[in-house]
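Quick notes on the structure that follows.
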Amino acid sequence: MSTTTIDSHTQAAADEMTVGHFLSTYVFSKDHKVIGIQFLFSTLIWFVVGGMLALGIRWQLAWPWSDMPIIGGMLFPEQGGQIAPEFYTVLVTMHATVMIFLVIIPILAGAFGNFLIPLMIGADDMAFPTLNMLSYWFMWPAFFFFGGAFFCDGHGAAAGWTSYPPLSDMTTSAPSSGAAQTLWLLGVTTVGVSSMLGSVNYMTTIIQMRAPGMTMFRLPLTIWAMFITALLQAFALPVLTAAGFMMLADRLIGTGFFLPEGLVVNNSPMAAGGGQPLLWQHLFWFYSHPAVYIMILPAMGMVSDILACFSRKPIFGYKPMVYSICGIAGLGFIVWGHHMFVSGMNPGLGMTFMVATMMIALPSAVKTFNWLGTVYGGKVQFTTPMLFALSFVSMFVIGGLSGIFMAATPVDIVIHDTYFIVAHFHYVLFAGTAMAVFGSIYFWFPKMFGRMMNETAGKIHFALTFIFLNGTFFTMHILGVGGFPRRLADPYHYPTFSHLLTMNQFMTVCAICMVAVQIIFAVNFFYSLFWGPKAGRNPWRANGLEWQAPSPPGHGNFDFQPIVYRGPYEYGSPETEEDFYPQTMPPKQDRDNLA
Amino acid sequence: MGRVWSILFLTVPIFGVWTFVSAMNDWWPMSGGSFAFSSGHWFPSLDVSDHVKDHLFYVILYLTGVVFIGTGAVLFWILWRYDGATNADPVVFSHGSHALEVIWSILPAVVLLFIAIYQMDAWAGARMRRPTMADGAIKPPLCRVTGRQFEWRIQYPGEDGRLDTPDDLHVLNDLHVPVDEEIVIEIESMDVLHSFFLPNMRVKQDVVPGMRQYVWFHPVKEGVSDIVCAELCGWGHYKMRGRITVDNAAEFDRWYSAAYAEQETSQFSLPEEEE
Ligand code: HEM
Ligand SMILES: [Cu+2]
Ligand SMILES: [Cu+2]
């Protein structure tokens, strides 16, 4: 971070940097760029934690009940370095929880949403800067709740990231169902508060604060995606929050929203009753299905911007792209039941949800075809961000197509809760979103920090990640067809699955390599932060407003009043000699008149 | 470099198809590599008359396979052809094509709708049309399976055909069913969610406390296979393993009488640890 983020009111006092000034500039800052970067660093740290938890899972699946090298002795001295079965359930729960609630959602909306929205629409900041600051600081209680769960009985929550009751609802059902599970619920609730504060702000900012000339249909697709994502959050989150409070009440004051009559758990009968475990699943997925789109729409938007920029060509079908984002969001609210086909839900309802789910693959297909159309006929520049964006398209196809298998109810009976599902969501979330996030970091790093990242290291990082991720995740489809169940600490004692061990070992080796390769990224990131070549305002020769601001932009973002004359994708326009046409450049006849 | 990257993206459909095709055709064990994959990386053997779910899987596999290969090939060709380092033609300055958008919206919509409708009969067969007796009455369950942390309690109704009467047979984790007959099983849970998963029968149904549900299948092959719990149910979830034995009618009766006799001598106490 450079020194240009100096609050104008304290300009005079800037020479003597006081503690209070430092705190208000870098810590409790209300500047959307600082908040975005705070989100970025926090989420990247949790990304490391989540990755380590994933390696724990992979270790157990490849070499079950064997001592973990190096760290095993430190983590589990009482078991002589082995992963205990109850800790395995902690691993799957906390890996997913960390990745979803502390990495993917906050890095997209919190980091990129915050940093990019005002810059891309030509505003000097968010509509509600204080609210924005609070949305970051509400993440900290969540960090402590989720982190603290590791130090409670059971060493972490262990009811799955979906926390299905009664397992999650009763304090006696598992070693982790005491304080750890309560902390998990509090953590999810505070993440929700943070997201809600962010959403309100994003919607207001995008509606109210656009620069002159920035009509809705001149917005970059990133902004459209952020806008729709904020809407999704705002409508879906209250349901999750309510469900969370109901479960807290069940656990703490003995209500029975999710507990039926006559349960006997761990040989002790339960007093409460009159509830329904499936109620939680409906409420949870009513939020969490839209949430999977919250976890991919912004990535789709950013990928669209990167693809157009490095194809040197307008985006193909801008309006169909916008409509399909809206279509995905709308349909996203009526497909949650596809997670419950075998849950015991009314099978008639299952048919309805199947049709809706099939239809949601349609806007995804339209987007894919438009991305291909964008690259077609261009002059492709294979920069690191472009490679990551292209891999997003290639990998999202796999994730989208596997979705169709699971949407088909009879087929889902066979593959539900197997590794086929694990393959599906890693193709959309890791191979899709996480790869898009990498690409976006390479793309907007110059704007965030004023310096370029190293391209060669970036390309090596890309190629190795791409190869190892496919080695890790593609084979999961095959395991899933074989019936290999998810969340099982040791599937090999079932004769049906015992022969699948070697394939799991292959996957674990790929996973370890994939994690190791991220060191290249980390070194590149921190090296470039201090010693990367200076970027200048517009290193990629891109059209968006953010590229007209200084790098990094100072407080208030723009050193001129941006006026927008056209959409953000006019690359290769015949109206200019250059192959790009910034949104702020006056049209040709105006320039001629001036001359 | 553009060429290298195009080829890297081309490896996705190539390796993807290769992985599926070799798993389907059992081309593993791979010899030579450091990972000797054993054979049988595909569906567990199908021990029921109903192969419709596998068939539906293949229909979707082939349809999506075409899209997978098609988009992969197009992506490769575009990157190869329009590499900025070698492509001398001017950029195609186009904002889209209405006709194309209409085509590539309608076509997938029709295919997806077809897939959805094509599934419905099988779904109704698996979940809604419970097997009936010769006289048209719905078939009573052969037994009740109750999930409990971390075991499957199995209860046969006995002579009187009614559950929860003194002549019931109780066994643990050891389900026996006769071959060549529609089997209906009542499933329940005592505590948390479990999922009654019979990979070889293509049956999976979550068991929910407070809900009585039925699953059915028609085994055609004698043999022993696994009962798997497929829903996270606590620390011991991984060991909640049962066994299903498909016998011919005579063998089934013999097993039943023997198990019943043994239960009578041990005075109705539930067999606690068996395995
Ligand atoms: C083409 C569109 C898609 C379709 C048709 C689809 C369909 C499905 C279905 C039917 C399931 C439930 C499978 C089961 O549990 O048996 C599922 C699970 C899942 N999907 Fe998708 N999906 C699509 C896109 C996405 C996207 C874009 C994301 C995320 C960015 C996503 C993330 C997930 C996750 C995380 C799960 C698993 C949740 C869990 O059980 O832990 N899906 N999908
Ligand atoms: Cu979903
Ligand atoms: Cu279980």
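Every number in this text was worked out from the coordinates using simple rules, so none of it is lab data. As the structure is a computational prediction, the values presented were derived from the model and not from experiment. Ideal geometry is used to build each Cβ from the backbone, glycine not excepted, and the neighbour counts take in all protein chains shown.
Structure notes:
- Relative contact order of the stretch B:143-265, pairs being alpha-carbon contacts under 8 Å that are 6 or more residues apart, as %: 27
- 0 to 90° range, to nearest 10: angle between helix A:419-428 axis and chain A longest Cα axis: 10
- Gyration tensor verdict on the stretch B:2-87 (Cα atoms; rounded if a/c is under 1.5, prolate if a/b is larger than b/c, oblate otherwise): oblate
- Between A:Arg591 and B:Val66, the C-beta separation translates, for a Förster distance of 45 Å, into a calculated FRET efficiency of about 0.35.
- Other protein chain C-beta atoms within 10 Å of residue C-beta, averaged over A:506-512: 1.
- For the peptides A:187-198, B:102-113, residues were scored by their other Cβ atoms within 10 Å and the scores averaged per peptide; the highest-first order is A:187-198, B:102-113.
- Within the protein assembly as shown, antiparallel bridges make up roughly 75 percent of the DSSP beta bridges whose residues both belong there.
- Nearest-ten-degree value, helix A:179-208 long axis tilted from longest Cα axis of chain A: 20
- Each helix, a run of at least 4 DSSP H residues, gives -39500 (n - 2.57); summed and divided by the residues of chain A, these come to -19000 deg cm²/dmol at 222 nm.
- Note on chain A: with charges restricted to the Cβ of Lys and Arg (+1) and Asp and Glu (-1), its dipole about the Cα centre is near 980 debye.
- Note, ³J(HN,Hα) from phi for the stretch A:270-276, Karplus 6.51, -1.76, 1.60, rounded to Hz, x at Gly and Pro: 8, 6, 5, x, x, x, 9
- 10 Å Cβ neighbours from other chains, averaged over peptide A:358-370: 5
- Relative to the compact-globule estimate of 2.2 N^0.38 Å, the Cα radius of gyration of chain A comes out at 0.98.
- Once the Cα-Cα distance is subtracted from the 0.36 nm per residue extended length, the B:Asn248 to B:Ala134 segment shows a gain of 39.0 nm.
- Tensor-based shape of the stretch A:87-152 (alpha-carbon gyration tensor, a/c under 1.5 rounded, otherwise prolate or oblate): oblate
- The peptide list A:373-380, B:218-225, put in order of mean Cβ contacts within 10 Å with the highest first, becomes A:373-380, B:218-225.
- From phi via Karplus (6.51, -1.76, 1.60), per-residue ³J(HN,Hα) for the stretch B:186-192 in Hz, x at Gly/Pro: 8, 10, 8, 10, 8, 10, 10
- Under the combined filter of DSSP loop state and at most 14 neighbouring Cβ atoms within 10 Å, the stretch B:108-210 retains these GluC sites (Glu not before Pro): B:Glu159.
- Length-normalised contact order for the stretch A:479-595 - Cα pairs under 8 Å, 6+ apart - percent: 15
- Sparse-neighbour loop sites [trypsin sites (Lys or Arg not before Pro); the stretch B:116-148; at most 16 other C-beta within 10 Å; DSSP]: B:Arg129
- Anisotropy class of the stretch A:296-533 from Cα gyration tensor, a/c 1.5 cut: oblate
- Relative contact order (%) - chain B, alpha-carbon pairs under 8 angstrom, separation at least six: 16
- Where labels lie 7 Å past Cα in the beta-carbon direction, separation of A:Val523 and B:Ala124 in nm: 6.3
- Within a straight-line Cα-Cα reach of under 21 Å, A:Lys367 can be paired with the following lysines, leaving aside sequence neighbours fewer than 8 residues apart in one chain: A:Lys313, A:Lys319, A:Lys379.
- In degrees, nearest ten, helix A:384-407 long axis to first principal axis of chain A (Cα): 40
- Average beta carbon contacts from partner chains per residue of A:84-93, 10 Å cutoff: 3
- The helix-only estimate of mean residue ellipticity at 222 nm for chain B, built from DSSP H runs of length n ≥ 4 each weighted as -39500 (n - 2.57), is -13000 deg cm²/dmol after division by the residue total.
- Restricting the calculation to Cα atoms, every distinct pair contributes to the Kirkwood radius of the stretch A:505-595, found to be 16.7 Å.
- Each peptide in A:515-523, A:381-389, A:550-558 gets a packing score, the mean of other Cβ atoms within 10 Å over its residues, and the list from highest to lowest is A:381-389, A:550-558, A:515-523.
- Farthest towards the positive end of the charge dipole of the stretch B:143-265, among the residues B:Val215, B:Ala250, B:His194, is the Cα of B:His194, using unit charges on the Cβ of Lys, Arg, Asp and Glu.
- With the simple model of a label 7 Å out from the Cα in the direction of the Cβ, A:Thr576 to B:Asp164 spans 7.7 nm.
- Residues of the stretch A:100-143 with amide N under 12 Å of the 7 Å Cα→Cβ point at A:Gln561: none
- Computed FRET value (nearest 0.05) for B:Ser39 with A:Cys513, which takes r as the C-beta separation and R₀ as 22 Å: 0.25
- In range of the label at A:Arg541: residues from the stretch A:378-396 whose backbone nitrogen is under 18 Å from the point 7 Å along Cα→Cβ: A:378-387
- Measuring r between the beta carbons of B:Ile7 and A:Glu455 and using R0 = 30 Å, the FRET efficiency lands at 0.95.
- In a fully extended conformation the segment linking B:Val224 and B:Ser49 would gain 61.4 nm over its present Cα-Cα distance, using 0.36 nm per residue.
- Helix runs (DSSP H) in chain B reaching 20 Å along axis by Cα, Kyte-Doolittle at least 1.0: B:2-24, B:52-81, B:98-127
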